[in-house]
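Data block below; observations after.
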Amino acid sequence: MDESKEAGASRFYDMVYDAARPEIFFKATARRVRGHMAGVRVRSDSTWSVPEPELALAINSEGRVFGYTVGNDMSARDIEGENPLYLPQAKMYTGGCSLGPCLLLADALPAETGIHLSISRDGAEVFSGSTSLSQLKRTPEELAGWLYRDNDFPHGSILFTGTGLVPPGQWTLAAGDIISITIDGIGTLVNEVEP
């Protein structure tokens, strides 16, 4: 909602957060996703880009959550905030997503599981923050149920659960920044922002 206040689109986000139906959108094909220690990108036409640390669900072809990993949902907040219909452009681009460093096979994670974000620039930490899975509005099973409703994934899918942790204000990523996202019990995903 923060990115949409100036453009007057915040009421659309208010409606989504209070609705029974969650916001689910396509993020990336496999070739657009980066792994641990690989470079991520910001859009060349964005002036306000941030990482969004998220728990990512591994879901089998039947729609059952069987594992978890760390996700970085790179977002061009200025583009998304300008108009909700621009969400695909703000979210879907090459290098705009990363996953790793591993896949934890488990039926569930404790609600107190921490999610931590650290961003370093020129060797100094410029942002850090933490949240926990207890802040998720919807359960992994509920999100998977909505994703698989009237849809099929013969090879399974990865579903990001959303974020509650981003740098404040108009702070934006720059080339060379190091993004570290840790989820307790899973590990740390590290990516550098490409020039």
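Condition (residue is open to solvent by 10 Å² or more (accessible area, probe 1.4 Å), part of a strand (DSSP E or B) and within 25 Å of M37 (Cβ to Cβ)) applied to the range 85-97: is it met by at least one residue?
Checking the range 85-97: not a single residue is open to solvent by 10 Å² or more (accessible area, probe 1.4 Å), part of a strand (DSSP E or B) and within 25 Å of M37 (Cβ to Cβ).
From the list A144, A175, pick out the single residue that is within 21 Å of C97 (Cα to Cα), assigned to a loop (DSSP other than H, G, I, E, B), of a type in the set (A, V, I, L, M, F, W, C) and modelled with pLDDT of 95 or more.
After applying the criteria, what remains is A175.
Which of the following residues is under 13 Å from E52 (Cα atoms), surrounded by fewer than 17 Cβ atoms within 10 Å (Cβ to Cβ) and out of contact with any Gly (no Cβ under 7 Å at 6 or more places or on another chain): S134, S128? Show your work before the answer.
Numbers: S134 fails: under 13 Å from E52 (Cα atoms).
That would be S128, the only listed residue that is under 13 Å from E52 (Cα atoms), surrounded by fewer than 17 Cβ atoms within 10 Å (Cβ to Cβ) and out of contact with any Gly (no Cβ under 7 Å at 6 or more places or on another chain).
Filter the range 147-172 for residues that are of a type in the set (F, W, Y) and either in a loop (DSSP other than H, G, I, E, B) or over 22 Å from W48 (Cβ atoms) (or both) and give the result.
Y148, F153, W171
Does any residue in the range 164-188 that is at positive phi come within less than 7 Å, Cβ to Cβ, of a residue that is part of a loop (DSSP other than H, G, I, E, B) and open to solvent by 30 Å² or more (accessible area, probe 1.4 Å) six or more places away or on a different chain, and which pairs are these?
From the range 164-188, the pairs are G185/L109.
Filter the range 44-69 down to the residues that are open to solvent by less than 50 Å² (accessible area, probe 1.4 Å), over 19 Å from E142 (Cα atoms) and not polar (S, T, N, Q) and list them by number.
W48, V50, P51, E52, P53
Could you look through the range 40-74, keep only residues that are more than 16 Å from the chain's Cα centre (by Cα) and among the hydrophobic types (A, V, I, L, M, F, W, C), and pick out the one that is farthest from T163 (Cα to Cα)?
F66
Kindly indicate the residue of the range 27-43 that is modelled with pLDDT under 95 and assigned to a loop (DSSP other than H, G, I, E, B) and also surrounded by the most Cβ atoms within 10 Å (Cβ to Cβ) among those meeting that condition.
A28
In the set D152, D184, which member is touching a strand residue (DSSP E or B) at 6+ places or on another chain (Cβ under 8 Å) and over 20 Å from R43 (Cβ atoms)?
Only one candidate qualifies: D184.
The values are calculated or read from the model by the stated rules, or taken from the named source; none is laboratory data. These figures come from a predicted structure and were not determined experimentally. All Cβ positions, glycine included, derive from the backbone under ideal geometry; neighbour counts span all protein chains shown. Each accessible area value is taken on the protein alone, full model and side chains, heavy atoms only, with ligands, DNA and RNA left out. Shrake-Rupley method; radii C 1.70, N 1.55, O 1.52, S 1.80 Å.
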